[in-house]
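Computed from the coordinates by the stated procedures, all read-outs in this text should not be read as laboratory data. The structure displayed is predicted, hence computed values, not measured ones. Cβ sites come from the backbone with ideal geometry, for glycine too, and all protein chains shown count toward neighbours.
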Ligand SMILES: [Ca+2]
Ligand SMILES: [Ca+2]
């Protein structure tokens, strides 16, 4: 039974000698009951969550675990940075229980081995960045994906960090298995963005929602199902998406903020997770930008 009922029961059967005024006792009781009711509700919510979901993947980032993640070198969106592997230039640091993904100004022009989907090689650049994916490591059909993360700064021009999931048959690098042949954003290569921050337009704001496929390679509507929401980006928050019936439900710290009604069944494929920090436009930057991730989790519904 909830703690609330136990304490209330004790209070109702004991006369408090240290409070002579009947009125004061009433006020105190009301206050205590209110606090306990909130506590009771929180406990019930937690119990409800535990009865619905079962964790089948959790990475707390105590180390960089190659069974869960691989570096992803790819050139998309005409971005000016180069993704580099193995924490080069401190772009993918794991320390003190968190992952730090960074964009870093290396201070000199560097060659880049990133290729776009048409086989074009990225030109030399002074900007390097971190990007990891769970492709061919941890892939799940539906369920619930959550990450706890924060930015070290936000709202600066060209910042483009993201936490998102992508269909496992996506045909972009790295292609490691024969069935990775489906072009973005068709089914098998669908995209759901859980957290994305565009520093050119937003301050303390993030975007969440699915990308609508228009049924052809590279044809999408990225506005129809995505929305912007306020959040204190330099504090840790939990950002999640889950399949509920045929809906996709988006939560900030467990509270529903948005829903793609009837869209869940359009993403029936196994999906993998991506965490990356991109630099989306030509605006210059100095030093480094950091996105810090405490953990990533996938849960499945208990049958
Ligand atoms: Ca695969
Ligand atoms: Ca952690």
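By how many degrees, 0 to 90 and rounded to 10, does the Cα axis of helix 3-13 deviate from the longest principal axis of the chain? Approximately 10 degrees, to the nearest 10. Of the residues 257, 165, 32, which exhibits the maximal mean-square fluctuation in a Gaussian network model of the chain defined by a 10 Å Cα contact cut-off? Judging by the Gaussian network model, the answer is 32. Ranked by how many other Cβ atoms sit within 10 Å of their own Cβ, fewest first, the residues 300, 41, 279 fall in the order 41, 300, 279.
Using the per-residue mean of other Cβ atoms lying within 10 Å as a proxy for protection, in what order, highest first, do the peptides 87-96, 123-132, 107-116 fall?
Numbers: 87-96: 16.6, 123-132: 20.4, 107-116: 13.8.
Peptide ranking by packing, descending: 123-132, 87-96, 107-116.
How far is the Cα center of region 230-303 from the Cα center of region 111-142, in Å? So the separation of the two Cα centres works out to 19 Å.
For region 217-303, relative contact order (Cα pairs under 8 Å, six or more residues apart, normalised by length) works out to 15 percent.
In which sequence would 236, 272, 64, 195 go, from the one with the fewest C-beta neighbours within 10 Å to the one with the most?
Details: 236 13, 272 22, 64 17, 195 26.
If I rank by nearby Cβ atoms, fewest first, I get 236, 64, 272, 195.
Over region 79-133, the fraction of Cα-Cα pairs per 10 Å bin, rounded to whole percents and listed from the shortest bin up, is 25, 51, 21, 4.
Would you work out the relative contact order for region 56-301, in percent, from Cα pairs under 8 angstrom that are 6 or more residues apart?
On the way: 675 pairs, mean separation 70.6, N = 246.
That works out to 29 percent.
Rg over Rh for the chain works out to 1.09, using Cα positions for both radii and the Kirkwood form for Rh.
Taking the DSSP bridge list for region 56-301 and keeping only pairs wholly inside it, about 95 percent are antiparallel. Note on region 117-266: percent of Cα-Cα distances in each 10 Å bin, starting at 0 and stopping at the bin with the largest distance, equals 10, 37, 38, 15, 1. Summed over qualifying helices (DSSP H, 4 residues or more, each -39500 (n - 2.57)) and divided by its residue number, the chain shows a 222 nm mean residue ellipticity of -5000 deg cm²/dmol. With equal scatterers on the alpha carbons only and no solvent term, can you work out the Debye log10 of I(q)/I(0) for region 157-238 at 0.16, 0.24 1/Å? Ignoring solvent entirely, the Cα scatterers give -0.68, -1.09.
Sorting the segments 50-58, 72-80 by their residues' average number of neighbouring beta-carbon atoms within 10 angstrom, most packed first, yields 72-80, 50-58. Principal-axis analysis of the Cα atoms of the chain puts helix 22-52 at an angle of about 40° to the longest axis. Overall dimensions of region 256-303, expressed as equivalent-ellipsoid semi-axes from the Cα gyration tensor (√(5λ), whole Å, largest first), are 32, 16, 12. Each of 150, 102 was scored by other Cβ atoms within 10 Å of its Cβ. Arranged with the fewest first, they read 150, 102.
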